[in-house]
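Participant: Have a look at this one before I ask anything.
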Amino acid sequence: MIQRRREYGKQEPTRDAHKIYIVCEGKGTEPAYFAFFEGLSSNLEVITIPPKEGTDPLKLMERAKQVLLGDDRQYTVEYEHNDTVWFVIDTDAWENEGKIKPLRDFCVQQNASIPKDLDEVKAYNAWNVAQSNPSFEIWLYYHFYESKPNTDDVEKHASFKQFVDSTISGGFDSGKDPVRLEDAIVNTEKNTQWDENGKLQDYSSEMFQLGKEIDGFVNSDIKKLRNKLS
């Protein structure tokens, strides 16, 4: 983040800036990644909400209720400005434990309530899930690579994170590598698949959907910054 700000200054968001609230499992990797986009455009505000007690999807859902919906909420989702909420989650064991579907159902319910509660706001997907399989690091991997990783190569490492760290020369640098956002969107979307039951397949990530939303606000700024950092 220091390098990015040294190369390209931070812009303060306007009062009507589009806000993206990101409720994530990680306290390090994910917040550091999304911090790159903070202040790139005055029309976008990226607000990361890390976990407080536990990282499973149901606990993240309760965290979002407290921070975004509760009486003592810290933030307000302004639907009239098309603000969005994204749960950024890993597959881990959550799928087998049945903890991802309730989160997705919660998002569907929240989206359905928007036009009912606010007559002047058209229905849209304000609440979303960006699931990665096996983990958020597959999204980082696709910033550099066009094809899925080889399973044999992955299994030589203690974790998928370790595999990605060793595969990307020097490891992923959240201070400059997110300038490859467009590459990541294209590569991830091309390699992401769901089975007939809607389950996300190995080496897939729905992060490309969130990436597209961010890119819609920072595309020209990213291109300028990429030229400076290249």
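Participant: Before rounding to the nearest 500, sum -39500 (n - 2.57) across all DSSP H runs of length at least 4 in the chain and divide by the residue total; then give [θ] at 222 nm in deg cm²/dmol. Don't skip to the answer; put the middle values down first.
Facilitator: Numbers: 9 runs with 89 residues, N = 230.
Theoretical 222 nm ellipticity from helices: -11500 deg cm²/dmol.
Participant: Can you spot the aspartates and glutamates whose alpha carbon is less than 12 Å from residue 199's alpha carbon? Ignore those fewer than 8 places along the same chain.
Facilitator: Once the sequence-local aspartates and glutamates are set aside, what remains near residue 199 is 95.
Participant: Under a straight-distance cross-link criterion of Cα-Cα below 16 Å, which lysines are reachable from residue 161, leaving out those fewer than 8 residues away in the same chain?
Facilitator: 27, 148
Participant: Hey, another quick one. On a full-extension model of 0.36 nm per residue, what is the gain between residue 199 and residue 120, subtracting their alpha-carbon distance, rounded to one decimal in nm? Please report the intermediate quantities before stating the final value.
Facilitator: Numbers: separation 79, 0.36 × 79 = 28.44 nm, distance 3.48 nm.
Full-extension gain reported as 25.0 nm.
Participant: Taking the alpha-carbon distance from residue 19 and a cut-off under 12 Å, which aspartates and glutamates remain once sequence neighbours fewer than 8 residues away in the same chain are dropped?
Facilitator: Those aspartates and glutamates meeting the cut-off are 38, 45, 78, 80, 83, 213.
Participant: Comparing 180, 104, 15, which has the greatest mean-square fluctuation in the GNM of the chain with Cα pairs linked when under 10 Å apart?
Facilitator: Of the options given, 15 has the highest mean-square fluctuation.
Participant: Among 88, 121, 58, whose Cα lies farthest out toward the positive end of the dipole of the stretch 56-188, if unit charges sit on the beta carbon of Lys, Arg (+1) and Asp, Glu (-1)?
Facilitator: So the residue we want is 58.
Participant: Which one, 28, 171, 198, has the greatest fluctuation when you compute a Gaussian network model over the chain with C-alpha springs under 10 angstrom?
Facilitator: Maximum among the listed residues: 198.
Participant: For the chain, what does the accessible surface come to per residue with a 1.4 Å probe? Please give it in Å². Provide the component values of the computation, followed by the final result.
Facilitator: Details: 11390 Å² over 230 residues.
Result: 50 Å² of accessible area for each residue.
Participant: Then there is this: Of 13, 110, 138, whose Cα points farthest to the positive end of the dipole of the chain (charges on the beta-carbon: +1 Lys, Arg; -1 Asp, Glu; origin at the Cα centre)?
Facilitator: Going by the charge dipole, the pick is 13.
Participant: Efficiency by 1/(1 + (r/R0)^6): what FRET value for residue 186 and residue 155, r their Cβ-Cβ distance, R0 = 35 Å, to the nearest 0.05?
Facilitator: Values: r = 27 Å, r/R0 = 0.76.
According to the calculation, E is roughly 0.85.
Participant: Ok, one more. Carbon-plus-sulfur fraction of the accessible area of the stretch 3-159, 1.4 Å probe, in percent?
Facilitator: On the way: 3370 of 7710 Å².
With neighbouring chains kept in place, the figure for the stretch 3-159 is 44 percent.
Participant: Let's see if you can work this out: charge +1 on each Lys and Arg Cβ, -1 on each Asp and Glu Cβ, no other charges. What is the dipole magnitude of the chain about its Cα centre, in debye to the nearest 20?
Facilitator: Details: 29 positive and 41 negative charges, 143 e Å.
Rounded to the nearest 20 debye, it is 680 debye.
The values are calculated or read from the model by the stated rules, or taken from the named source; none is laboratory data. What you are looking at is a predicted structure, and each value in this text was computed from that prediction instead of being measured. When we count neighbours, we look across all protein chains shown, and the Cβ atoms used for this are built from the backbone with ideal geometry, even at glycine. Calculation scope for accessible area: heavy atoms of the full protein, side chains included, ligands and nucleic acids excluded. Shrake-Rupley method; radii C 1.70, N 1.55, O 1.52, S 1.80 Å.
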